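Here's the structure, in structure tokens; my notes come after.
The values are calculated or read from the model by the stated rules, or taken from the named source; none is laboratory data. Just so it is clear, the structure is predicted and the values come from calculations on it, not from any experiment. Using ideal geometry, Cβ is built from the backbone for each residue, glycine included, and neighbour counts are taken over all protein chains shown. Calculation scope for accessible area: heavy atoms of the full protein, side chains included, ligands and nucleic acids excluded. Shrake-Rupley method; radii C 1.70, N 1.55, O 1.52, S 1.80 Å.
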Amino acid sequence: MTSSKLLGPWLKRFLLEYLISSRNLSSNTQRSYRDALCLFLPFLAHAARKAIDQLTVEDASAERIRLFLVDLEETRRCSITTRNQRLAAIHSLAQFIGMHSPEHLEWCGQIRLIPWKKAPRSTITYLEKAEMDALLAASEGVTPQKRRDHALLLFLYNTGARADE
């Protein structure tokens, strides 16, 4: 079996070259993608009934990835945003393989067609007058930091900024 068919060498290049050198992603994003793949590989090996080092690119079919995403939500009880983050890592890997291996373009297209799941948006809340008064009272003081905090909170309050801003 040629090394371009095996998934292992692609993963190594993806994690050690592409994410770091080409994309210059933050170390947190690199770890997040690595962790997503650490969850995905054992699942894939079990589904394909192969050892992890014998997995091929084609073993990571769109159907198996969908099953993995369902498993994340149902078995591991991950939220939709976590599921989407794991999918982002897999999409990025598929894009990388597709860019460097024309024979895998169809596979890449199938993987990239797996849709994101809509996640509920958090509601934008605001502070009641009593809550804002408590914040302002806590920031009153004679130190430069307390004066700065008090001025900043007053500015945000008077301009109508929301609590999450």
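Quick notes on this one:
- Helix 129-139 axis versus longest C-alpha principal axis of the chain: approximately 90°, rounded to the nearest ten.
- Computed in the context of the full set of protein chains, the accessible area of the chain at 1.4 Å probe radius has 55% of its extent on carbon or sulfur.
- For the range 16-92, the residue among 60, 38, 79 whose Cα projects farthest onto the positive side of the dipole built from Cβ charges is 79.
- Kirkwood radius and radius of gyration were both taken over the C-alpha atoms of the range 1-62, and their ratio Rg/Rh is 1.00.
- Remark: the range 116-165 carries 88 Å² of accessible area per residue (probe radius 1.4 Å; ligands, DNA and RNA excluded).
- Taking the Kirkwood radius as Rh and the Cα radius of gyration as Rg, the range 66-165 has a ratio of Rg/Rh equal to 1.31.
- Sequence-distant aspartates and glutamates (8 or more away, or on other chains) whose Cα lies within less than 20 Å of residue 50: 58, 59, 63, 71
- Amide hydrogen neighbours beyond the local backbone of residue 56, cut-off 5 Å, H modeled: 7
- The chain: relative contact order in percent, alpha carbon pairs under 8 Å with at least 6 residues between: 19 percent
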